[in-house]
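What follows is a short report on a single structure.
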Amino acid sequence: MKGRIKRPEAQQSRLILPRVGQIKIGMKNANGYPQSVDYFIPTGKYAGLFTQAYGEKPQTIQIVFPDDDPAKVCNERYEYRDDDGRLIAAGDGDTFQVWDGKKYETLTTEKYPNLMQSITKRYPNKKSRQPDCDGWEVTLTLNFIVPLVRGVAGVWQFATKGTASTIPQIRETFDGMLAERGFCKGIIFDLNVQFATTQKPGDKSRFPVVSLVPNESPDNVLRVRKAWEPVKQLEGGDNGNE
């Protein structure tokens, strides 16, 4: 299991921005059933400001991470539960809190390379008994600033369980930039969503795939710089990464 890139050095204290809303790629249809969409839907008190900036059905938005720590801005959480819904183990892919029957114990994949497989074998659940499923549930949560949404300074949150396409692409892009540049904070990314078609024979179902793409083109930089001023003033100046 691939671990996340570590940032062991001390981080300078930063302004803690409040969460101002969530962004989703799903809704309930007229019959009350969940329905996936290929555009971003803002929720929360400031959703109207988001819509003013991007319109009704945006498929691409510009985002900036306010921190380099994956635990704060690009957090991947693994959970394994038994058939009764009890939490057996949870972690980030490297370090896990595992139930030993009496208490949760900290275990790592560095010391136990087959840790996740061992947990699945010891506590088989309904999902793990299905073909091509290991029983683990993975959630990737992003916290980011949307600079073009003016009038409010805070972070927006997007969470996904798309283990097949969305999670690997976002994680690898974030970790790749962190490894290459040494930081992700302040870099302008495009967050995109579009429908993809399953490759299973005889199955024509579609599902939304979200991708993270670094995009510091002149147009993107100009738009973000103009919108970034209020946040920079709150932080007390330039972040030094421009």
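The values are calculated or read from the model by the stated rules, or taken from the named source; none is laboratory data. All of these numbers come straight from a predicted model, not from anything done at the bench. Every residue, glycine among them, receives a Cβ derived from its backbone with ideal geometry; neighbour counts consider all protein chains shown.
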Item to complete: Would you be able to say whether some residue in the stretch 124-137 is over 21 Å from Ala164 (Cα atoms) and out of contact with any Lys or Arg (no Cβ under 6 Å at 6 or more places or on another chain)?
Response: yes
Practice prompt. Quickly run through the stretch 191-213 and pick out the residues that are surrounded by fewer than 17 Cβ atoms within 10 Å (Cβ to Cβ) and either among the small types (Gly, Ala, Ser) or modelled with pLDDT of 90 or more (or both).
Written response: Gln194, Phe195, Ala196, Gly202, Ser205, Ser211, Val213
Discussion item. Quick check on Asn241: is it part of a loop (DSSP other than H, G, I, E, B) and either out of contact with any Gly (no Cβ under 7 Å at 6 or more places or on another chain) or at pLDDT below 90 (or both)?
Written reply: yes
Practice prompt. Please work out which residue is surrounded by the fewest Cβ atoms within 10 Å (Cβ to Cβ), limiting yourself to the stretch 102-124 and to residues that are part of a strand (DSSP E or B) and either of a type outside the set (A, V, I, L, M, F, W, C) or not assigned by TED's automatic domain parsing to the domain that holds Asp83 (or both).
Written response: Thr106
Discussion item. I need the full set of residues from the stretch 83-141 which are polar (S, T, N, Q) and touching a Cys at 6+ places or on another chain (Cβ under 9 Å), in order please.
Written reply: Thr141
Worksheet item: Among the strands (runs of 3 or more DSSP E) contained in the stretch 50-101, which hold 3 or more residues that are touching a residue at least 24 places away in the same chain (Cβ under 8 Å)?
Response: 60-64, 74-81
Discussion item. Quick check on Gln130: is it polar (S, T, N, Q) and either assigned by TED's automatic domain parsing to the domain that holds Met177 or buried (at least 19 other Cβ atoms within 10 Å of the Cβ) (or both)?
Written reply: no
Item to complete: Read through the list (1) modelled with pLDDT under 90; (2) over 26 Å from Arg77 (Cβ atoms), then give the number of the only condition that Ser165 fails.
Response: (2)
